[in-house]
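*Asks:* Pasting a structure here, questions to come.
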Amino acid sequence: MAKTMTPSITDEQIDKAADQLRAAMRKHRMEVRKDVAQKALGVDNLGMRMFAVFCGIAESLANLIVRVVRVNRDCTPEEALKATGRKQHVSADVVSTMPKGRGGKTEVLFFKPRPEAYDKNGLISDDNLEKEFEFVGLKPVDPYSLAQANTDDPAFADTHPNGTHWKDTDGKWCFAAFDRWRDGRIVFVVEGGFGWNDYWWVAGVRK
């Protein structure tokens, strides 16, 4: 049986990646001294080390799940949650802080943080989760868009429990999460700070 071949990275893509690296280094050249830069250039396998970072980003993006939703930004947070048809485990105070986001059409991207992002207890803090969004070039999706994604496809969270987070006006982390518990579909909207384990997919949008 013939083996299906997956197309590899093209010369054009390699050139584009090199151009972005070149532009970033020129933009931030004042952050690295000349003598230190020369030492760094002498490190064994420097090219492979830099390529490994690129591969890590590519691997994370390869596992993205994409949903395109149309969001009603004019409804109240309560209406957005009610439309999901899920049993609600929410704090009214936290619900009132839900960011509405912008735009009617939104591309929501679901991913899992890198395995090394979790601590020895198998958790990743909200602060470190922000770094994972940054790593893949995304920012957390607004809860309105996430609610719509789970309204459009109620069964999605059965196999891909998913969430997002934001900070309230006092700088406290809050989150919305969609899951299935026993025989019922549920949504949580409460204060965060407990950490996320690898059970969860997190949702973002492009910057």
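Laboratory data are not the source of any read-out in this text; all were calculated from the coordinates shown. The model shown is predicted, which means the values in this text are computed figures rather than measured ones. As a convention, Cβ positions derive from the backbone with ideal geometry for all residues, glycine included, and neighbour counts pool all protein chains shown.
*Asks:* From the backbone phi of the range 171-188, what are the Karplus-calculated ³J(HN,Hα) couplings (6.51 cos²θ - 1.76 cosθ + 1.60, θ = phi - 60°) in whole Hz, Gly and Pro given as x?
*Replies:* Using θ = phi - 60°, the values come out as x, 8, 6, 10, 8, 10, 9, 10, 7, 10, 10, 6, 9, x, 8, 9, 9, 10 Hz.
*Asks:* Can you tell me the 0 to 90 degree angle between the C-alpha axis of helix 143-152 and the longest principal axis of the chain, rounded to 10?
*Replies:* For helix 143-152, the angle is close to 70 degrees.
*Asks:* Each residue of the range 89-104 in order: what ³J(HN,Hα) in whole Hz does its phi give by Karplus 6.51 cos²θ - 1.76 cosθ + 1.60, θ = phi - 60°, with x for Gly and Pro?
*Replies:* In residue order, the calculated couplings are 10, 9, 9, 4, 5, 6, 4, 5, 9, 4, x, 7, x, 9, x, x Hz.
*Asks:* Just name one of 203, 146, 52: the one whose Cα is farthest towards the positive end of the charge dipole of the chain (beta-carbon charges, Lys/Arg +1, Asp/Glu -1).
*Replies:* Farthest towards the positive end: 52.
*Asks:* What angle do you read, to the nearest 10 degrees and between 0 and 90, between the alpha-carbon axis of helix 11-27 and the longest principal axis of the chain?
*Replies:* So the inclination is approximately 90 degrees.
*Asks:* Could I ask something else about it? Working from Cα positions, state the angle (0 to 90°, nearest 10) between the long axis of helix 46-62 and the longest principal axis of the chain.
*Replies:* Tilt relative to the chain: about 20 degrees.
*Asks:* Starting from the amide H of residue 185, placed 1.01 Å from N in the peptide plane, find each other amide H under 5 Å away whose residue is 5 or more places distant or on another chain.
*Replies:* 87
*Asks:* Hey, another quick one. Please give the calculated 222 nm ellipticity per residue for the chain, where each DSSP H segment of at least 4 residues contributes -39500 (n - 2.57) and the sum is spread over every residue; nearest 500 deg cm²/dmol?
*Replies:* Numbers: 8 runs with 76 residues, N = 207.
Dividing the helical sum by the residues of the chain leaves -10500 deg cm²/dmol.
*Asks:* For the range 13-62, with only Lys/Arg (+1) and Asp/Glu (-1) charged at the beta-carbon, what is the dipole magnitude about the Cα centre, in debye rounded to 20?
*Replies:* Numbers: 9 positive and 6 negative charges, 62 e Å.
Result for the range 13-62 is approximately 300 debye, rounded to the nearest 20.
*Asks:* Still on this structure, I have one more. Give the long-range amide H neighbours of residue 193: residues separated by 5 or more places, or on another chain, with amide H under 5 Å away, using H modelled in the peptide plane at 1.01 Å from N.
*Replies:* 126
*Asks:* Okay, next question. With Cβ to Cβ distances under 11 Å as the rule, what net charge do the other residues near residue 192 carry (K, R +1; D, E -1)?
*Replies:* Details: positive: 167, 172; negative: 126, 127, 168, 191.
Spelling it out: positives minus negatives among the neighbours equals -2.
*Asks:* Still on this model: Under the Kirkwood approximation applied to all pairs of distinct alpha-carbon atoms, what is the hydrodynamic radius of the chain in Å?
*Replies:* On the way: mean 1/r = 0.0517 Å⁻¹.
For the chain, the Kirkwood estimate is 19.4 Å.
*Asks:* Using the eigenvalues of the Cα gyration tensor, what equivalent ellipsoid semi-axes result for the range 65-143 when each is taken as the square root of five times the eigenvalue, whole Å, largest first?
*Replies:* 26, 17, 11
*Asks:* Can I ask one more? Normalised by the residues of the range 65-206, what does the relative contact order come to in percent, with Cα pairs under 8 Å and at least six apart?
*Replies:* Details: 282 pairs, mean separation 48.9, N = 142.
That works out to 34 percent.
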